[in-house]
Every structure is written in structure tokens, then in C-alpha cells.
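Notes to accompany the following structure.
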């Protein structure tokens, strides 16, 4: 079993009976009066909740291996999201609470990896960023300013703040987890 000091972002561990994916691992070196600690920020794969834990560097943790399969998103019935395995064509239902607020980034027929543990789906793996088209935004007050932001509505219904130079029809890159504008990918016409 690996030690807490060996954990890196992206690792999947079992703690208190639940599976967690490490989002951030910060090591603090101890001093003569205080021992070192490892601060972990982790996402619960069952509930999607973000939790923080402090462990001693010498604490052993149970790291688990997940099987990642390419899946295609089909539809939702409100309680579950249904995905199809691209190799076997089997359909898998994933509870809505496992996807949570990220559901706005799922589009029908979209291909996404799904992680499985002991044959059961435990996480849908979303990319860090997605490219979406701006369908509605106000005209620019000053075309060259990039530090002044305005609201824009994207093709998936999400409202984000974008720089003044972004217009309707532009394709913008959005961070999935913070829902913030990252960059303009393509300028309209």
C-alpha cells in the first residue's frame, strides 16, 4: 500500500469505505515541534462531493485501480443517465447524483470515458475544458478590452462571463469545473 506522502493528483483511493479521486495533494514539512502533514483535496466518486483530509505522511492508504471504458451518452430519465459501451453495446445506468452539476456538459451521442470498479460504474470522466458556441451576448462596449467581462449564454444554456471582444457565434473554451471562460477558440464568420 502506498503512503499518503506518495499520493498524486488523479490517484483513486479507498477511505472510510468510499472511493475518492485525489484532486490536490500538498505536503507540509514538519518542524521540531510539529510533524509533517499531507493535505488532500479529493472528490467522492459516489456523491461527487469535494472533501479535504489531513494525513500523516507515513499513513498507508489503499489505492485502487479503475477500469476505464469508452462510452457514449444516450439519454437521461431524470434519475439516471444512460451510457452505451462502444465495444459490447451494453447500456449502463449511472445515478444522476454521480454526475451532479456537470450534466450541463453532456450532449446526446457524446463519447466520454467511464471508470468502473469491480464491474460497477463509479465516475464519468469529463475533460477539464469544453468548447461551446456563444448564442447570446451583448455587443462590445470597447472592442479591444479583454479585462472587462460581460455575460454570455452558451449553446448548452450555461451563462458565463466573457471578455468584451467575444460576440455571438464565437466558439469559447470553458473550464468544466469552475465554469469560467478560458480562451476564444474560433471567431465567428
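Worth pointing out:
- Of all residues in the range 170-186, those satisfying the criterion of being without any contact (Cβ under 8 Å) to a residue 40 or more places away in the chain, in a loop (DSSP other than H, G, I, E, B) and over 14 Å from residue 140 (Cα atoms) are 178, 179, 180.
- Restricting 116, 126, 81 to those that are touching a helix residue (DSSP H, G or I) at 6+ places or on another chain (Cβ under 6 Å), farther than 30 Å from residue 166 by Cα and surrounded by 13 or more Cβ atoms within 10 Å (Cβ to Cβ) reduces the list to 81.
- Which numbered condition residue 156 fails, given (1) part of a strand (DSSP E or B); (2) under 17 Å from the mean Cα position of the chain (by Cα): (1)
- For the range 58-75, the set of residues classified as surrounded by fewer than 17 Cβ atoms within 10 Å (Cβ to Cβ) and either free of Cβ contacts under 8 Å to residues at least 24 places away in the same chain or in contact with a helix residue (DSSP H, G or I) (Cβ under 7 Å, 6 or more places away or on another chain) (or both) consists of 59 only.
- In the range 5-18, the residues that are touching a residue at least 40 places away in the same chain (Cβ under 8 Å) reach residues that are in a loop (DSSP other than H, G, I, E, B) with C-beta atoms within less than 6 angstrom, at least six apart or across chains, in these pairs: 5/57; 12/64; 12/66; 13/61; 14/64.
- Count of residues meeting criterion [touching a strand residue (DSSP E or B) at 6+ places or on another chain (Cβ under 8 Å), modelled with pLDDT under 90 and under 27 Å from residue 63 (Cβ atoms)] in the range 82-116: 4
- Residue check for residue 151: assigned to a strand (DSSP E or B), free of Cβ contacts under 8 Å to residues at least 24 places away in the same chain, touching a strand residue (DSSP E or B) at 6+ places or on another chain (Cβ under 8 Å) and surrounded by fewer than 15 Cβ atoms within 10 Å (Cβ to Cβ): yes
- Verdict on residue 132 being modelled with pLDDT under 95 and assigned to a strand (DSSP E or B): yes
- Pick from the range 1-25, criterion touching a strand residue (DSSP E or B) at 6+ places or on another chain (Cβ under 7 Å) and part of a loop (DSSP other than H, G, I, E, B), ranking: nearest to residue 64 (Cα to Cα): 11
The values are calculated or read from the model by the stated rules, or taken from the named source; none is laboratory data. Model, not experiment: these values are computed from the prediction. Every residue, glycine among them, receives a Cβ derived from its backbone with ideal geometry; neighbour counts consider all protein chains shown.
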